[in-house]
Amino acid sequence: MLGALTAGLLCTAGLAAPAAVAAPAPAPAADTAAPALADGLALTPPMGFNNWNSTHCRAEFNESMVKGIADLFVEKGLKAAGYQYVNLDDCWALPNRDADGRLVPDPARFPNGIKAVADYVHSKGLKLGVYTSAGTKTCDSAGFPGALGHEYSDARQFADWGVDYLKYDNCNNQGVDAKSRYTTMRDALKATGRPIVYSICEWGENKPWEWAADVGHLWRTTGDISDNWGSMLGILKQNLPLAPHAGPGHWNDPDMLEVGNGGMTDTEYRSHFSMWSIMAAPLLIGSDLRKATPATFDILDNKEVIAVDQDPLGKQGTVVSSAGGRWVVAKEMKDGSRAVALFNENGTAQHISTTAHAVGLPGARAYTLRDLWRHSDYNTAGTISATVPAHGTVLLRVSADRAWATHPPAVELGLNGSPLVEAGTPATLTSVVTDWGRTPATRVSVSLTGPAGWAVRAASRPTAALLPTGRSLSTRWSVTAPQGTPTGSYDLTLRASYRSPTGLRAEEVLPLAMSVVVPPPSGTSGLGDLPWLSATNGYGPVERNTSNGESAAGDGHPITIGGVVYAKGLGVHAGSEVEYYTGKACEKVTADVGVDDEKGANGTVAFEIWADGTKVASTGVLTNAMPAQPLTAHVTGAQVVRLVVTDGGDGIDSDHADWANAQVSC
């Protein structure tokens, strides 16, 4: 779908050239009815592993790898945490069926066959999954056999091997109606008599959430995920509104986890895992656990977060608020508590707040608030609030618990002021410590530390003997990066220690990032040649002076819109944001914008330019059929300029967008 990906569970969209194909095999006479899936399977979202995100079709995907993953599930405690499916993706078979029309496992990858692998996985108390497509071929460019016209024989073969899970893709489908194709395989799986979890992977193209509850146990709601923040964020936003369609035995599937694959920070991976869990999404590990870091295991093995995903009530979290990219998502839990995600899509720390009433809890004098990443309990008078780091998520479980007074009060840390500093020039910041607890915070002390060599000093009082509910301690700080400090992001830590009236000690820590920047050059400069503060992209990296290309850095082509080639600019993919420091020294940004020609007749996007927090220029929806549109924004007085590309309202498939000849005048 995105770019020219051609591979298995990435579920690349598009049809192969028409070819002769048999109609789907009819169901046996006794099975002509289409029963609902009241089979007791997938009553909570499936948890397990799939190799595609980490190996694709490379030779390392083989029997040894699969067995190694099963071993690690047991050794690392992932089985105990709830992970049970070890799933094979595309490329496990030979390109041709045998003389009897049966699928043949690749003897180089699986010399002992799939049944032997299933037996090994089962011996570990785990389950095995396989992959095929509801078409004549699977999605990999090598073209392995699909199941269209072979549904009953393939399903029988899977059952005989001991398969417990089927991922059913959508490539090379020859234009056959999706509901018909997926229903035929449902009936074929049922006819085997073996319980097999059935995962529909048609990318949300035919709105399966509206018709597939009695066809499959889960269905993809979006295009393919990539291992970057923009891709994860775009998929999250597509899946969140579909909460009413999820429940025990029928789940929305926003695609596999990328946690640990290296394209995001650990903070972003915690957000990824948190949001998939509060959305009751399947948790299918997509990284090679044989190479995983301790930090990756810490994320994947967080049993308190997993419990949110696996709650037997089976509710998907719903959006409470989302203004300014500050998201509050709440999920009703079976015990009456609420899981609450405070999710920050922005590139700087944000204050995000809600209330116990707003997330659906009954009235109470106070509540217990459990931080599921810090594994700590607090009391709150009803406010649920945090300063959430850039791209971070605070995941909480909140309950009207009578034991609230045994916990220290919930305290929020915040830092006001610009996170940008020019080396050698002091910046003034203000820390704020606020008590949201029912009980007061006593003996409050706050500190701010920066990198070695930075000058950080308090310019006002950093202590308070008592902070009653709703009251704050504000402290001014002077922060100076040494002259000559290279540009880039640097870590600061804001820390507050305090006690409850009963003497309980507590500490709040807020990691922060401060960027050392340089003023933009005077005159007119091409944005493709200037350093940016941050860049997020819906697919692959933002490219300088080329089109977006594919998933790798530097693989773009000449920027081309409406047949016109541009030597300079930015190549992006919706949704995309690129930020530049303009230091209140610039007046105007100009560009010719549009969908890049490399996507043929596909792609719809819209462009926006923001000066600090104000949108100062935008286009309507642009299509590939339109020539480049001139866009000018006046940005006088802005410290930061942000270039934004959104999709045209129809998803991000083929949304390669260009900021051609983008320039800033300073």
Radius ratio Rg over Rh of the chain, counting only Cα atoms, Kirkwood formula for Rh: 1.00
To the nearest 0.05, what FRET efficiency results for A585 and R476 with a Förster distance of 35 Å applied to their C-beta separation? 0.85
Eligible lysines near K124 by straight Cα distance, threshold 18 Å, same-chain separation 8 or greater: K67, K76, K79, K115
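Please compute the Kirkwood hydrodynamic radius over region 406-521, one decimal place, Å, based on all pairs of different Cα atoms. Each step should come with its number before you reach the end.
On the way: mean 1/r = 0.0669 Å⁻¹.
One over the average 1/r among Cα pairs gives 14.9 Å for region 406-521.
Starting from region 368-472, pick out the chymotrypsin sites (Phe, Trp or Tyr not before Pro) whose DSSP state is loop and whose Cβ has at most 13 other Cβ atoms within 10 Å. Display every interim value, and only then the final one.
Numbers: sites: W373, Y378, W404, W436, W454; in loops: W373, W436, W454.
Filter output for region 368-472: empty list.
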Return one number: the angle in degrees, 0 to 90 and rounded to the nearest 10, between the long axis of the Cα atoms of helix 63-75 and the longest principal axis of the Cα atoms of the chain. 50
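Highest mean first, what order results for 158-171, 596-609, 651-664 on Cβ atoms within 10 Å?
Details: 158-171: 24.1, 596-609: 20.5, 651-664: 26.1.
Peptide ranking by packing, descending: 651-664, 158-171, 596-609.
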For K599, counting only lysines whose alpha-carbon sits under 22 Å away and dropping same-chain residues fewer than eight positions off, the answer is K568
Along each of the three principal axes of the Cα atoms of region 60-188, give the extent in whole Å, ordering the values from largest to smallest. 45, 30, 25
Nearby lysines by direct alpha-carbon distance to K584 (threshold 22 angstrom, same-chain neighbours under 8 apart not counted): K615
May I ask you to sort Y367, Y490 by Cβ crowding, counting other Cβ atoms within 10 Å and putting the fewest first? Y490, Y367
Quick check: the distance between the Cα centres of region 293-354 and region 648-666, to the nearest angstrom? 31
Long-range amide H contacts for D255: which residues qualify at under 5 Å (H placed 1.01 Å from N, peptide plane, sequence gap of 5 or more or a different chain)? T221
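How long are the three semi-axes of the equivalent ellipsoid for region 524-665, computed from the Cα gyration tensor as the root of 5 times each eigenvalue, in whole Å, largest first? Intermediate results must be reported in sequence, preceding the final value.
On the way: eigenvalues 99, 45, 38 Å².
In descending order the semi-axes read 22, 15, 14 Å.
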Alpha-carbon centroids, region 535-560 and region 422-450: separation in whole Å: 40
Going by how many other beta carbons lie within 10 Å of each one, how would you line up S180, S133, fewest first? S180, S133
Region 623-630 - phi-based ³J(HN,Hα) in whole Hz, Karplus 6.51/-1.76/1.60, Gly and Pro as x: 10, 5, 6, 9, x, 4, 10, x
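Relative contact order of the chain: what whole-number percent is it, with Cα pairs under 8 angstrom and at least 6 residues apart? Show your work: numbers first, answer last.
Details: 1799 pairs, mean separation 61.4, N = 666.
This gives 9 percent for the chain.
Can you give the Kirkwood hydrodynamic radius of region 317-407 from its Cα pairs, in Å with one decimal? Before the final figure, lay out the partial values.
Values: mean 1/r = 0.0767 Å⁻¹.
Over region 317-407, the inverse of the mean reciprocal pair distance is 13.0 Å.
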With each label point set 7 Å from Cα along the Cα-Cβ vector, what nm distance links A552 and T463? 5.9
Dipole of the chain, Cα-centred, from +1 at each Lys and Arg C-beta and -1 at each Asp and Glu C-beta, to the nearest 20 debye? 2360
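What ranking do T536, T524, T393, T267 get, fewest neighbouring Cβ atoms within 10 angstrom at the top? Intermediate values should be presented prior to the final figure.
Working: T536 24, T524 12, T393 29, T267 17.
Result, fewest neighbours first: T524, T267, T536, T393.
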Within region 29-146, the percent of DSSP beta bridges that are antiparallel, given to the nearest 5, stands at 25
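Normalised by the number of residues in region 410-518, what is the relative contact order in percent for Cα pairs under 8 Å and 6+ residues apart? Walk me through the numbers on the way to the answer.
On the way: 291 pairs, mean separation 36.8, N = 109.
In percent, rounded to a whole number, it is 34.
Region 304-369: which trypsin sites (Lys or Arg not before Pro) are DSSP loop and have at most 16 other beta-carbon atoms within 10 angstrom?
Working: sites: K315, R326, K331, K334, R338, R365; in loops: K315, K334, R365.
Loop-located and lightly packed - K334, R365.
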Assuming 0.692 mPa s and 37 °C, estimate D for region 44-316 with Stokes-Einstein, Rh taken as the Kirkwood radius over Cα pairs, in µm²/s. 177
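Every number in this text was worked out from the coordinates using simple rules, so none of it is lab data. These numbers were taken from a predicted model, which means no experiment stands behind them. As a convention, Cβ positions derive from the backbone with ideal geometry for all residues, glycine included, and neighbour counts pool all protein chains shown.
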